[in-house]
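Beneath this line is the structure, given in structure tokens, with notes to follow.
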Amino acid sequence: MALNGLLNLLNVYKHRLHFQSQIALRKSYFSSCETIGSCRHGHSVTRGQGGFNNKLIPFQFHPRLGWPVLSTIRASSTVALTSSRLSSLNRGPFSVVSDQDIQYFNKVLQGRVITDRDELETHNTDWLKTVRGNSQVLLRPKTTEEVSAIVKYCYDRHLAVTPQGGNTGLVGGSVPVFDEVIISTQLMNNIISLDPVSGALVCQAGCVLETLDNHVQDHGLTMPLDLGAKGSCHIGGNVATNAGGIRLLRYGSLHGSVLGLEAVLPDGEIMDCLTPLRKDNTGYDLKQLFIGSEGTLGIITKVSILCPQKPRAVCVALLGCENFQKVLDIFVSCKSFLGEIMSAFEFMDSQAMELVKENLSLISPLEKYPFYVLVECSGSDGNHDEEKLTRMLQAVMDSGAALDGTVATDSTKIYNIWSLRESCASALLKDGYNYKYDVSLPLDHFYTLAEEMRERVKNHAIRTVAYGHVGDGNLHLNFTTAKYCPATMALIEPFIYDWVARHRGSVSAEHGLGLKKRQFIYHSKTPSAVALMATIKKAVDPRGIMNPYKVLPENIKTENDSSLDDREKM
Amino acid sequence: MSGLRVIVGCKRVIDYAVKIRVKPDKTGVITDGVKHSMNPFDEIAVEEAVRMKEKKLASEVIAVSCGPIQCQETLRTAMAMGADKSIHVEVDAATYENLQPLHVAKILSKVAQEEKADIVFTGKQAIDDDCNQTGQMVAALLDWPQATFASKIEKANGELTVTREIDGGLETIKVQVPAVLTADLRLNEPRYATLPNIMKAKKKPMAKKKPADYGVDVGPRQSILKVEDPPVRQAGSKLDSVETLVTKLRDAGLVPS
């Protein structure tokens, strides 16, 4: 253990020297996987089963076979402390947690306070095992009143706090950077009410998405979002990050499906905008501010969300095509023939298919094609849907847009086909280290980025893989190396963000900014927009205690900031 | 031995991932609006039959299904996987509720005779009733040999060598043709029907028949008295000593006092 500690320290110093020399070249903070030796994180993303797992268990469930497979998991403690790596980041003017503070918390929460180092490990580290904070205390309130009491106390004491849901975020936004107090929604998991007629579900923010989905399914409803982490993520976190997922195409974003929410503001005040009403135009729609605020404006404690009807008939088609233009042609055909019944439109390139075949031994029902499209239809009448799907398939086959394909109507086959797309994230982790990018791009430049980046990192990465919600214009572009490699990183960032900015895309389509992407905000938002965000943040959180170091950059540019370099003057 | 004609029985059942609900009047389970698909074991049988055709062991594969009109979807899936033609023996929904393996076995036997089949192939059992009877009954009615729970089928000198999964392990037997085969889980991995085949399947012939055409009476031989959910599992309790355990067992009358 002592040896490990020494090695860790040496690694940190080695990286810091290297890092400082790189600082002039790149502005990115990055997640460094300082693993001792070559650990691999085996993880399975399964639809509706277990989802992401932060616990240190020796085996995970194979996504297709459902059997446990042995895998070595990168231990949380081998990840370097963010505060050591980001030596240029200064801790804010916050107090340090004292014994009296712990006593107070224990009194309010009747003992639901965690200070044990080992237990805190997983809460201090993100799911990707790339950033690690140094919090000394985790609080687990059960009610909004408890949250309000502890936040008010922290406000009075100038203690920084990090709200945490399922800790499945991918941009380091859900874990502390220094010693912020972690406020977890783990125990706030009551489902308060469900109106089966209107479909309005009211629940506490700590309810796990999959649990909610199972609950509403009994009433013939479904949750309006679906993502790989559904077995672990909390609805409060989903709302705070404006999570997207595979059903956004059909049900829209959370900005539309959240009816109301209740949040605790940084000074401890409870903001009650919880309403199950579909329409309410009375004043500024405050909930929209919180949706996507990533926990920097307050802690969401209750959510009211509109649940659509669960579709009676679902079918999935997987198509193989020759080039990306054909993917877009199929998209147009789908919109025209399937229209309202289309519930998902995803794509994968051949490297993504090879990835899941190699790393997870999944089987593709089709031969090798340069691109694959996954179309899902959900409707109230299977026969009608089948007719529409058949007409669409005939059209795309005749026009040559699709070279081959398969259709699945029974649940096992549907699950298997979805697994091919949904297992990409966990398959990537098996290569060793994953550089993950989530961008929005106009469809005519969508795949060009992947081609250019693949060429660029050719000899410095195991693979470049592209997949994503092409129906929403959202590309997930990933690179892998066996271990973290600064040379590879230098080739990727900031080139990739500059490219996206030049094409007027978004540097973060759905993952958010968190810690990792905050300084790239100017690539997608103007200085005046960011300045207004800072004004709002200052007004709502004057002491800056709510999830500091996240979302907004450290230095807010003014309109007349002459230090803007050409790259940022878009 | 080449050119075997294979009949494959395909049953339309409630999809295995669906949560089964008992009807409020306790006369059966809810099937209206619930997702159905081909019995997984029958799918494996279809796949094996198609593979036999590809290996030139079989010359024609005919899929057969007994049930209401929705069975035609199941047959189309079988044809998309490679069956050459299909026969839908229509049984109305009400009669279907009481349709038993014996009825189906009689129908399949008659179909086999009419089509001059060499092999009758089904899944080992249906996932809704778990009867595991139809294949065996067909063999008895036709007086044909049977190779059930097949996990491997090979040709050997004008006969079939079949490896069967049994409780103790694997058993290998030889059967002469004509024969009845039933498929077990590890026989193969069913293929995904690809688009060109799905389109072709629409043009393949599907004959529509009734049980009367085969002279089979599908009147009910049983009546269902009651269908209930299994009792809710009681929570267990942890005991701290052997003495407590013995006391509890005595109190429950499970151990003589």
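Every read-out reported here was derived from the displayed coordinates using simple, explicitly stated rules and does not represent laboratory data. None of these values were measured; they are calculated from a predicted model. Because the Cβ atoms are built from the backbone with ideal geometry, glycine has one as well, and the counts that use them run over all protein chains shown.
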Largest first and in whole Å, what are the equivalent-ellipsoid semi-axes of segment A:304-459 based on the Cα gyration tensor, each being the root of 5 times an eigenvalue? 27, 19, 16
Which parts of segment A:166-185 would a label at A:Tyr153 reach, counting a residue when its backbone N lies under 20 Å from a point 7 Å out along Cα-to-Cβ? A:176, A:179-185
Ignoring solvent entirely, what values of log10 I(q)/I(0) come out of the Debye formula for the protein assembly as shown at 0.04, 0.05 Å⁻¹ when each Cα is a single scatterer? -0.21, -0.33
Counting pairs of alpha carbon atoms under 8 Å apart in space and at least six apart in sequence, what relative contact order in percent does segment B:24-130 give? 31 percent
How big is the C-alpha Rg of segment B:4-251 next to the rule-of-thumb value 2.2 N^0.38 Å, as a ratio? 1.17
³J(HN,Hα) across segment A:332-340 via Karplus (A = 6.51, B = -1.76, C = 1.60, θ = phi - 60°), whole Hz, x for Gly/Pro? 5, 4, 5, 4, 7, 7, 9, x, 6
Considering the dipole of chain B built from charges on the beta carbon (Lys and Arg +1, Asp and Glu -1) around the Cα centre, which of B:Val8, B:Pro24, B:Ala201 is farthest to its positive end? B:Ala201
I'd like the FRET efficiency for A:Thr558 and A:Leu286, computed as 1/(1 + (r/R0)^6) with the beta carbon distance as r and R0 of 41 Å, rounded to 0.05. 0.95
Give me A:Tyr467, A:Tyr437 sorted ascending by neighbouring Cβ count inside 10 Å, so fewest comes first. A:Tyr437, A:Tyr467
Could you give the nm distance between label points at B:Arg233 and A:His255, where each point is 7 Å from its Cα heading toward the beta carbon? 4.5 nm
For segment A:379-487, with +1 on Lys and Arg beta carbons and -1 on Asp and Glu, the positive-most of A:Asn434, A:Gly468, A:Asn383 along the dipole: A:Asn434
Between B:Thr148 and residues 5 or more places away or on another chain, the pairs with built amide H atoms under 5 Å apart involve B:Thr182
Could you check the simple spin-label distance between A:Val332 and A:Val197, using points 7 Å along Cα→Cβ, in nm with one decimal? 4.6 nm
For B:Glu97 and B:Glu114, calculate 0.36 nm times their separation in residues minus their Cα-Cα distance, and state this gained length in nm to one decimal. 3.5 nm
Charges only on Cβ, +1 for Lys and Arg, -1 for Asp and Glu: so what's the dipole of segment B:4-251 about the Cα centre, in debye to the nearest 20? 700 debye
To the nearest 0.05, how large is the calculated FRET efficiency for A:Thr535 and A:Glu145 if R₀ is 35 Å and r is the Cβ-Cβ distance? 0.70
FRET E, pair A:Gln217, A:Ser361, Förster distance 35 Å, beta-carbon r, rounded to 0.05: 0.70
Among A:Ile556, B:Ile20, A:Ile414, which comes first, second and so on when ranked by fewest other beta-carbon atoms within 10 Å? B:Ile20, A:Ile556, A:Ile414
Per the Debye formula with a single identical scatterer at each Cα and no solvent contribution, what log10 I(q)/I(0) holds for segment B:1-117 at q = 0.24 Å⁻¹? -1.42
I'm checking a number: the convex hull volume of the Cα atoms of segment A:447-547, normalised per residue, in Å³. What is it? 127 Å³
How large is the dipole of segment A:459-535 about the Cα centre if only Lys and Arg carry +1 and Asp and Glu carry -1, each at its Cβ, rounded to the nearest 20 debye? 140 debye
Quick check on my link table: of A:Lys107/A:Lys152; A:Lys483/A:Lys516; B:Lys85/B:Lys116; B:Lys155/B:Lys210; A:Lys357/A:Lys436, which ones sit more than 23 Å apart, alpha carbon to alpha carbon? B:Lys155/B:Lys210
Spelling it out for A:Phe371: with amide H atoms placed in the peptide plane at 1.01 Å from N, the residues 5 or more places away or on another chain with amide H under 5 Å from its amide H are A:Cys321
List, largest first, the extents of the alpha carbons of segment A:176-271 along their principal axes, each in whole Å. 44, 25, 22
Among A:Tyr497, B:Val64, A:Ile270 the positive-end extreme of the charge dipole of the protein assembly as shown (Cβ point charges): A:Tyr497
Violating pairs (Cα-Cα greater than 19 angstrom) within the set B:Lys55/B:Lys152; A:Lys230/A:Lys388; B:Lys55/B:Lys208: A:Lys230/A:Lys388; B:Lys55/B:Lys208
Sorted by Cβ density within 10 Å, fewest first, the residues B:Met199, A:Met546, B:Met81: B:Met199, B:Met81, A:Met546
Counting Lys and Arg as +1 and Asp and Glu as -1, each charge on the Cβ, what is the dipole of segment A:313-357 about the Cα centre in debye, to the nearest 20? 60 debye
If you fit an axis through the alpha-carbon atoms of helix B:40-54 and take the longest principal axis of the Cα set of chain B, what angle between them do you get, 0 to 90°, nearest 10? 30 degrees
Residue-ordered couplings for segment A:546-553, obtained by feeding phi - 60° into the Karplus form 6.51 cos²θ - 1.76 cosθ + 1.60 and rounding to whole Hz (Gly and Pro as x), are 7, 6, x, 6, 10, 6, 8, x
For B:14-24, what's the mean count of beta carbons from other chains sitting within 10 Å of each residue's beta carbon? 2
